[in-house]
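The values are calculated or read from the model by the stated rules, or taken from the named source; none is laboratory data. Not measured: the values here are computed from a predicted model. Because the Cβ atoms are built from the backbone with ideal geometry, glycine has one as well, and the counts that use them run over all protein chains shown.
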Amino acid sequence: MSRMGDVLAGFHAVWEFDTDSVLIRFERGIRRPKLFQALGERRIPYEALSSVELSEGRRGTVVLHAVPRPGADPLMEAANGQLKEEADPYRLVLPAERATLAEFYADELRTALGPDAKEPAERHLVTAPEPPLHFKAYDGKASFDGRSVAFRWFWTGASSAKWKCGDQTFTVGELAGVEWRSPEIFNGYLRLLERGAAEPGKGEADQDPAAVVFGLGYGPVHESLPFAAAVLQAVRAAEPEQESAEREPVCRRAGDAGRDPADIADRIRHLGELHDAGLLTDDEFSMKKAELLAEL
């Protein structure tokens with residue numbers, strides 16, 4: 001590869017080339033994709049790449065596109081082809097006058113590709129965003145601390161089926177994977193696939209206690225996709241002592257231990273917002289607030 005420290009600057013990112021990897025630094029700005037701002041920077045080992053393409057872009061630009069190997073990057077594995085072109089973190093858009101320079105780096109990258117570039121990666125080679133991570137879906141709050149995923153249902157959004165099951169907690173050892181359907185697609189959701197379940201990923205997400213559903217303004221890509229990637233990476237890295245026996249999906253009730261005070265406070269604030277907006281009466285707000293405080 002080229003000399004350590006070589007830099008190629010594009011419109012939304014800067015690629016800094018090292019001996020064994022490229023560090024992608026995403027620039028902040030109003031017109032930058034929010035996903036790039038959330039990622040900050042990412043180090044991509046050359047062995048994580050499958051191919052490198054250079055093509056003509058729109059409005060006097062060229063695009064350098066490094067294509068990751070299947071299974072090498074948990075972010076792209078979770079995205080599963082649903083990202084819009086302009087939000088692809090492996091694309092570097094440059095002015096057309098830099099086409100010759102871009103071609104030079106494209107050739108350098110092709111030379112640096114590993115011997116297994118055309119094969120799916122056996123493990124993740126790119127690091128996902130680090131937990132703790134959380135985001136608000138339409139029907140609940142999802143949080144991940146690196147060891148377990150928790151869903152805390154919103155009174156006003158969650159289905160009766162989810163309320164009946166209660167708030168949910170899943171350790172990474174209980175999971176086989178993550179299914180992310182972009183919030184920019186109709187009926188988007190994040191679903192946890194339980195290890196040993198008879199039909200993981202089946203059924204409507206709004207009725208599944210192992211899933212949270214998105215909606216207008218809820219679970220945006222820059223929050224929910226890094227979350228899904230971090231969970232997926234933890235699941236792939238986990239080595240359970242034994243596989244869980246196959247079983248039918250069942251409701252899992254929360255334990256008798258008191259709820260996290262911070263979570264209760266967050267839910268009360270959410271109720272307060274609904275009350276202030278006139279969506280809850282005084283009596284409804286007082287009743288639900290009392291129920292939440294009783295859970296402490």
In region 119-130, anything at pLDDT 95 or above and more than 28 Å from PHE151 (Cα to Cα) is listed as GLU119, PRO120, ALA121, LEU125
Being over 24 Å from the mean Cα position of the chain (by Cα) and surrounded by fewer than 17 Cβ atoms within 10 Å (Cβ to Cβ) is the filter; apply it to region 62-96 and report the residue that is farthest from ALA234 (Cα to Cα). ALA96
Here's a check for you: in region 131-158, which residue that is at pLDDT 95 or above and of a type in the set (Ser, Thr, Tyr) is farthest from GLU204 (Cα to Cα)? SER148
So which pairs qualify, if the first residue must be in region 115-128 and over 9 Å from GLN233 (Cβ atoms) and of a type in the set (Lys, Arg), the second must be surrounded by 12 or more Cβ atoms within 10 Å (Cβ to Cβ) and at pLDDT below 95, the Cβ gap must be under 6 Å, and the two must be at least 6 apart or on different chains? none
Meets criteria (modelled with pLDDT of 95 or more and either at positive phi or not aromatic (Phe, Trp, Tyr) (or both)) for ALA211: yes
Do you know which residues across region 212-224 are in contact with a helix residue (DSSP H, G or I) (Cβ under 6 Å, 6 or more places away or on another chain) and under 19 Å from PRO74 (Cα atoms)? VAL221, HIS222
Looking only at strands (runs of 3 or more DSSP E) that lie completely in region 112-197, which have at least 1 residues being exposed (fewer than 14 other Cβ atoms within 10 Å of the Cβ)? 168-171
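Yes or no, residue by residue, for (1) within 16 Å of the chain's Cα centre (by Cα); (2) in the same structural domain as ASP139 (by TED's automatic domain parsing); (3) over 13 Å from ALA142 (Cα atoms); (4) among the acidic types (Asp, Glu):
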position	(1), (2), (3), (4)
GLY173	no, yes, yes, no
GLY177	yes, yes, yes, no
ASP206	no, yes, yes, yes
TYR218	yes, yes, no, no
VAL221	yes, yes, yes, no
SER224	yes, yes, no, no
Determine if region 258-277 includes at least one residue that is within 15 Å of LYS141 (Cβ to Cβ), at pLDDT 75 or above and part of a strand (DSSP E or B). no
